[in-house]
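K.L.:
Quick one: structure below, then a few questions.
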Amino acid sequence: MNVHAPTVSHTAHSPVATHPSVCPHDCPSVCALKVDVMADGRIGRVHGSKDQPYTAGVICAKVARYAERANHPDRLTHPLLRTGPKGSGQFTRISWDEALDRVAEGLLKAEREHGAESVWPYYYAGTMGLVMRDGINRLTHVKRYSRFFSSICVNPAWSGYMAGAGRIAGVDPREMAASGLITLWGTNAVSTQVNVMTHAIHARKRHGAKIAVVDVYRTPTMEQADIPLLIRPGTDGALACAVMHVLFRDGFADRAYMDQYARDAAALEAHVATRTPEWASALCGLPVAEIEAYARLVGTTPASYFRIGYGFSRSRNGAVNMHSVASIPVVAGSWQHLGGGALHSMSGTYGWRKKMIEGLDRLDPTVRALDQSRIGPILVGEEDALAGGGKVAALFIQNTNPVAVAPEQEKVKRGFAREDLFVAVHEQFMTDTARMADIVLPATMFTEHDDIYGAGGHPHIQIGTKLVEPPGECRTNHDVICALASRLGAEHPGFAMTARELIDWTLRESGRGPVEALEAARFMDVGQDFRAAHFLDGFAHRDKRFHFAVDWANLSFPAPGKFGPVAEMPALPDHWAVIEEADAEHPFRLVTAPARNFLNSSFTETPTSQEREGAPSLLVHPEDAAALGVAEDDLVAVENPRGRVELRVRLFDGLRRGVVVSEQIQPSGAHRGGRGINTLTGADPVAPVGGAAFHDNKVRVVKIGPQSVD
């Protein structure tokens, strides 16, 4: 008997069967799932798989109720043609043949009139499946369209981590079972990757491990911490340097380990000698005593595990901050111990060979690459954003909602409103971006197609197979790309393959195949052994050492160039004062953090998530609110030179004074005035390799008078 066969039920009012699957969303956990399939052919309840050891049966509430999303009455189920002005929401149903013909003609027209680089296929991580996410690149490369430079999420974090370790890898999070101290730095795990918290709390219950949380507001994760470390946004590097100061000063630095595994330790020690807890306290707001106590705990706990998140890297000094934090376990020698060391992401451990999925054999690096984060400046024609080429005349979009999630939203909206811009969007719901399209195509969800997944948070390859038929006329990303390729004259073997064949090809070429073996096992642990995961045979630079001093201008990273003020970046860990500091005119620092019941702009359409999150709001410290003359639920305008957003006040004392937080990416229509939170975020690229500084904004907060309230 196949132990992974679907569990069949014969009970009335219960699922017909329960099948294995994988969560496709942009989260490091990439949970292993069990999905109930109902008698009507739709999915029901979604459960965490207990036999995959990282998921361990635990998933977030929004995915557990995925049926609410998959079976939503507002799902797009038929191709649509815009019949009214852009953004009006006026569409009429058309056939797939007509829709694909119109999309192909829109792309061909742009190519004829402005050249192939005027077409920009644009995508991101609405699904993390390799076939459905990355297959759009095959069309890009074959047609020589403008390439897509992915920058909106990982670049500041990955470049900072790679600068030190040389590779995006680290200690298996299941080793938290042996940790004495677990530091969750810049990650709200309770809300955004619940499995991290599950493993950390188990370690605390089993053997008294301490949990420290570093963040810029009192998140649900910080509320569960033994050691809450509340700092100001953009000051993580200062705290990291002060911790290392104490480690060196008080004899906790592991000099023998650094002699063998690190470079420039003497320079770092001399440098942080001036980075005292008093110096850091003045910058980050954390009391000196708390800095000292935490640093001593790191120094006296050999098995100190650092789970380093993305939040603090979403600042203009994010790469420097990431490198600074990643340096702490090296100074302490934590990497030597079971349950010690660090993890930012497992992404560098998979060794994927995606030539067939992405058409990498047809990639021409001389074709311009346009920066995903700068879609606003690109579409409004800012010369420095166009990478030396002409305007973008056509967009084909999958897996992302840039009108809501990209920075400098007002520029994004102006760009999408151009009458000379052709836009086709392949989507599941009528998002802000889909409303701006000329053609809208209905897309499948993860239980309606085959795909394969890696993960950032654990070392398992997983496969999710088609479980149910899609509603209406929804088609997969792969099917749409292949259908367009035939109309565009694009030839590549990948266009003639099914999704399953692409999965099998990729697994075999990556040394993980065949697909039948993965289907039987459901997941494959590709984690490294202890020595490799802990870099005990050396870090991933040529000299096998962790680099405390960084030549940022020559950092190796897959980017079309260097961006931002690279020449000003400090070589050694430090607080780099390049953030958008508050000033007299804009006295607050705004962080645009993730919401627990949304995932970027996904789940914003489901009633339960909407009810739990409520109206777009702003967390304000009660003392700041009193000074502003505002109270709970008052309407305020949040403004900076990029624009104005109107939000409801929520009083919250889990902030440093002068810091405000908005936790949601809601549709523009949910906001009074129709402007979402990314109106206020900047698209200027983060040094050294791009990225968006979503949590790095100076703003003023102004009470809106009663006469303005709806």
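K.L.:
With the condition kept exactly as written, say whether any residue in the range 552-560 is polar (S, T, N, Q), open to solvent by 20 Å² or more (accessible area, probe 1.4 Å) and at pLDDT below 95.
P.N.:
Going through the range 552-560, the residues polar (S, T, N, Q) turn out to be 554, 556.
Next, from what is left, pick out any that are open to solvent by 20 Å² or more (accessible area, probe 1.4 Å): 554, 556.
Cutting the leftovers down to at pLDDT below 95 gives us 556.
Checked against the condition, which is being polar (S, T, N, Q), open to solvent by 20 Å² or more (accessible area, probe 1.4 Å) and at pLDDT below 95, the range 552-560 yields at least one hit.
K.L.:
If the requirement is being open to solvent by 20 Å² or more (accessible area, probe 1.4 Å), basic (Lys, Arg) and farther than 21 Å from Thr235 by Cα, which of these qualifies: Arg642, Arg700, Arg656?
P.N.:
Within the list Arg642, Arg700, Arg656, the selection yields Arg642.
K.L.:
If Thr276 passes every condition in (1) touching a residue at least 40 places away in the same chain (Cβ under 8 Å); (2) farther than 24 Å from Ile152 by Cα; (3) open to solvent by 10 Å² or more (accessible area, probe 1.4 Å) but one, which one does it miss?
P.N.:
(1)
K.L.:
A follow-up question, please. Go through the range 324-355 and give me each residue that's open to solvent by less than 10 Å² (accessible area, probe 1.4 Å) and over 20 Å from Asn188 (Cα atoms).
P.N.:
Ser327, Ile328, Pro329, Val330, Val331, Gly333, Ser334, Trp335, Gly339, Gly340, Tyr350
K.L.:
Could you count how many residues in the range 485-531 are surrounded by fewer than 18 Cβ atoms within 10 Å (Cβ to Cβ), in a helix (DSSP H, G or I) and among the aliphatic types (A, V, I, L, M)?
P.N.:
4
K.L.:
So, one more: Please go through the range 322-336 and pick out each residue that is assigned to a helix (DSSP H, G or I) and either free of Cβ contacts under 8 Å to residues at least 12 places away in the same chain or in contact with an Asp or Glu (Cβ under 9 Å, 6 or more places away or on another chain) (or both). I'd like the intermediate steps shown before the answer.
P.N.:
Here is the first cut: in the range 322-336, the ones assigned to a helix (DSSP H, G or I) are 322-332, 334-336.
Result: Met322, Ser324, Val325, Val330, Val331, Ala332, Ser334, Gln336.
K.L.:
Which ones in the range 301-321 are open to solvent by less than 10 Å² (accessible area, probe 1.4 Å) and outside any helix (DSSP H, G or I)?
P.N.:
Those that are open to solvent by less than 10 Å² (accessible area, probe 1.4 Å) and outside any helix (DSSP H, G or I): Ser304, Tyr305, Phe306, Arg307, Ile308, Gly309, Ser315, Asn317.
K.L.:
With Pro594, Pro607 as the choices, which residue is touching a residue at least 12 places away in the same chain (Cβ under 8 Å) and within 30 Å of Leu283 (Cα to Cα)?
P.N.:
On the way: Pro607 fails: within 30 Å of Leu283 (Cα to Cα).
Criteria check complete, one pass: Pro594.
K.L.:
Additional query: Let me confirm something: among Thr198, Thr183, which residue is touching a residue at least 40 places away in the same chain (Cβ under 8 Å), farther than 23 Å from Phe539 by Cβ and either open to solvent by less than 10 Å² (accessible area, probe 1.4 Å) or assigned to a helix (DSSP H, G or I) (or both)? Spell out the reasoning first.
P.N.:
On the way: Thr183 fails: farther than 23 Å from Phe539 by Cβ.
Thr198 is the lone residue from the list that is touching a residue at least 40 places away in the same chain (Cβ under 8 Å), farther than 23 Å from Phe539 by Cβ and either open to solvent by less than 10 Å² (accessible area, probe 1.4 Å) or assigned to a helix (DSSP H, G or I) (or both).
K.L.:
Okay, moving on. Give me the residue from the range 232-255 that is touching a residue at least 40 places away in the same chain (Cβ under 8 Å) and of a type in the set (D, E, K, R) and, out of that set, farthest from Arg589 (Cα to Cα).
P.N.:
Top of the filtered list is Asp254.
K.L.:
Can Val58 be described as in a helix (DSSP H, G or I), β-branched (Val, Ile, Thr) and under 29 Å from Thr198 (Cα atoms)?
P.N.:
Here the answer is no, as Val58 does not meet what is asked.
K.L.:
Give all pairs with beta carbons closer than 8 Å in which a residue from the range 98-109 that is without any contact (Cβ under 8 Å) to a residue 40 or more places away in the chain meets a residue that is assigned to a helix (DSSP H, G or I); count only pairs at least 6 apart in sequence or on separate chains.
P.N.:
No pair meets every condition.
K.L.:
Something else: Here is a list: Leu268, Leu283, Leu229. Which entry is within 30 Å of His202 (Cβ to Cβ) and in contact (Cβ under 8 Å) with a residue 24 or more places away in the chain?
P.N.:
Values: Leu268 fails: within 30 Å of His202 (Cβ to Cβ); Leu283 fails: within 30 Å of His202 (Cβ to Cβ).
Selected residue: Leu229, the only one of Leu268, Leu283, Leu229 that is within 30 Å of His202 (Cβ to Cβ) and in contact (Cβ under 8 Å) with a residue 24 or more places away in the chain.
K.L.:
Name, by its number, the condition in (1) touching a Gly at 6+ places or on another chain (Cβ under 8 Å); (2) aliphatic (A, V, I, L, M); (3) farther than 25 Å from Thr349 by Cβ that does not hold for Ile452.
P.N.:
So the condition that Ile452 fails would be (3).
K.L.:
If you check Ser95, Ser146, Ser151, Ser88, which single one turns out to be more than 27 Å from the chain's Cα centre (by Cα) and within 30 Å of Phe694 (Cβ to Cβ)? Steps first, please.
P.N.:
Details: Ser95 fails: within 30 Å of Phe694 (Cβ to Cβ); Ser146 fails: more than 27 Å from the chain's Cα centre (by Cα); Ser151 fails: more than 27 Å from the chain's Cα centre (by Cα).
Result: Ser88 is the single residue among Ser95, Ser146, Ser151, Ser88 that is more than 27 Å from the chain's Cα centre (by Cα) and within 30 Å of Phe694 (Cβ to Cβ).
K.L.:
Does any residue of the range 597-609 turn out to be within 30 Å of Glu269 (Cβ to Cβ) and surrounded by fewer than 21 Cβ atoms within 10 Å (Cβ to Cβ)? Walk me through how you get there before you give the answer.
P.N.:
The first filter runs over the range 597-609 and keeps only residues within 30 Å of Glu269 (Cβ to Cβ), leaving none.
No; the residues of the range 597-609 include none that is within 30 Å of Glu269 (Cβ to Cβ) and surrounded by fewer than 21 Cβ atoms within 10 Å (Cβ to Cβ).
K.L.:
Of the residues Asp710, Asp653, which is out of contact with any strand residue (DSSP E or B) (no Cβ under 7 Å at 6 or more places or on another chain), acidic (Asp, Glu), modelled with pLDDT under 95 and in a loop (DSSP other than H, G, I, E, B)? Walk me through how you get there before you give the answer.
P.N.:
Numbers: Asp653 fails: modelled with pLDDT under 95.
Result: Asp710 is the single residue among Asp710, Asp653 that is out of contact with any strand residue (DSSP E or B) (no Cβ under 7 Å at 6 or more places or on another chain), acidic (Asp, Glu), modelled with pLDDT under 95 and in a loop (DSSP other than H, G, I, E, B).
K.L.:
If you don't mind, another one. Quick one: which of Val630, Val645, Val699, Val638 is over 30 Å from Asn399 (Cα atoms) and in a strand (DSSP E or B)? If you could, list the steps in order and put the result at the bottom.
P.N.:
Values: Val630 fails: in a strand (DSSP E or B); Val645 fails: over 30 Å from Asn399 (Cα atoms); Val638 fails: over 30 Å from Asn399 (Cα atoms).
Going through Val630, Val645, Val699, Val638 in turn, just one is over 30 Å from Asn399 (Cα atoms) and in a strand (DSSP E or B): Val699.
The values are calculated or read from the model by the stated rules, or taken from the named source; none is laboratory data. Predicted model only: the values in this text are computed from it and were never measured. Cβ atoms come from the backbone with ideal geometry, glycine included; neighbour counts cover every protein chain shown. Just the protein is used for accessible areas: all its heavy atoms, side chains included, with ligands, DNA and RNA removed. Shrake-Rupley method; radii C 1.70, N 1.55, O 1.52, S 1.80 Å.
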